[in-house]
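All remarks here apply to the structure that follows.
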Amino acid sequence: MNHVVDVLRGADTETIRQRGHNELSTYGIGRDLKRESWQAIGRELLRLGLVECAPGRFATLSLTPAGLETLRTRTAVTLTKQVDIAEKAARSEAGAIQCDESLFERLRALRRQLADERGVPAYIIFSDVSLREMARNYPTNTGEFRRIAGVGEQKLKDFAEPFLSEIRAYLTTNECRTFSDNDSRLRPQRRVRLNDSQLETLRRFQRGEAVDEIARGRGFVRSTIYNHLLAAIECGKFPQLRERFFTPAQEKEIAAAFRQVGDGTLVDVSALLGGKYDIGLLRIFREIHPGRSRPSSQRQAQPAAAPGF
């Protein structure tokens with residue numbers, strides 16, 4: 001159970017690295033819950049007979065037939081959840097965060113929609129603290145979004161697109177507000193630590209290999225390689241290699257498509273460009289050029305934002 005909890009919380013342990021469990025899609029997906037909370041959930045699942053523990057030295061966990069059926073039918077499971085003092089303090093803190101209340105309500109509605117689609121409680125998507133920080137700081141690109149409290153790598157991947165789109169749409173008709181306690185609550189920009197697989201992709205790219213060539217050589221699909229390169233960009237590993245992605249003419253063409261689509265999705269941008277560019281490549285463009293991938297009305301609403309390239 002401890003190992004499963006470590007994987008869910010994104011722990012950096014030798015066992016996880018040796019088994020390659022840091023490459024799992026669920027690695028780090030549960031950072032928002034404390035270790036003790038995940039252990040309590042594990043005990044509850046054992047008590048309900050949905051998970052069983054193998055006897056012997058290596059007490060591995062496995063799903064029971066009842067657990068497999070629950071997953072197959074996506075049956076809701078009710079667990080006992082203890083609310084501790086820290087959680088109560090967090091709720092109080094959420095209410096104390098000054099923010100744009102209109103935007104906060106829109107983000108709450110989006111959170112409920114996403115939670116209903118996934119059949120999970122709303123807090124699993126984001127806490128009120130996270131939503132209020134979004135409604136206070138108006139993040140409009142992934143670099144800003146990852147600095148919001150509660151945004152880990154998995155939530156960045158799963159939820160950045162819908163929440164950023166909602167914020168951008170709001171800013172087309174509303175201006176950013178400032179607040180009396182105007183100290184920014186955004187955390188300092190975190191340096192993303194690349195794992196071994198991402199570093200290998202970066203090394204190959206720096207040696208001059210193309211994305212398709214790296215994907216074939218490593219046995220990955222192209223989107224995985226783009227994800228590796230995006231992670232490298234986010235941690236500042238590409239000061240001299242931006243020209244490897246786009247020619248000046250391509251940058252101009254893609255920027256025009258982003259402006260025309262407005263608050264649409266990357267799929268919309270790709271369709272407007274006739275499918276000429278991979279979605280992963282468009283994600284990289286948006287990360288490198290946040291100012292040029294935002295509609296002009298949104299840029300005007302944020303005069304203090306750094307200009308794009």
**Asked** How high is the FRET efficiency from Arg216 to Ala249, r the C-beta distance, R0 30 Å, rounded to 0.05?
**Response** 0.65
**Asked** Considering only protein heavy atoms and a 1.4 Å probe, what is the carbon-and-sulfur percentage of the accessible area of the range 4-45?
**Response** 51 percent
**Prompt:** Where does the charge balance sit around Leu24 when Lys and Arg score +1, Asp and Glu -1, over other residues with C-beta under 15 Å from its C-beta?
**Reply:** -1
**Item:** Label-point separation, Phe179 to Arg118 (7 Å along Cα→Cβ), nm
**Value:** 2.4 nm
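What FRET efficiency comes out for the pair Gln260/Thr75, r = Cβ-Cβ distance, R0 = 51 Å, nearest 0.05? Walk me through the numbers on the way to the answer.
Numbers: r = 44 Å, r/R0 = 0.87.
E between Gln260 and Thr75, to the nearest 0.05, is 0.70.
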**Protection proxy ranking, peptides 146-157, 123-134, 245-256, average beta carbon neighbours within 10 Å, highest first** = 123-134, 146-157, 245-256
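The values are calculated or read from the model by the stated rules, or taken from the named source; none is laboratory data. Computed from a prediction, not measured in an experiment: that's the story for all the values here. As a convention, Cβ positions derive from the backbone with ideal geometry for all residues, glycine included, and neighbour counts pool all protein chains shown. The area values use the complete protein model at the heavy-atom level, side chains included, leaving out ligands, DNA and RNA. Shrake-Rupley method; radii C 1.70, N 1.55, O 1.52, S 1.80 Å.
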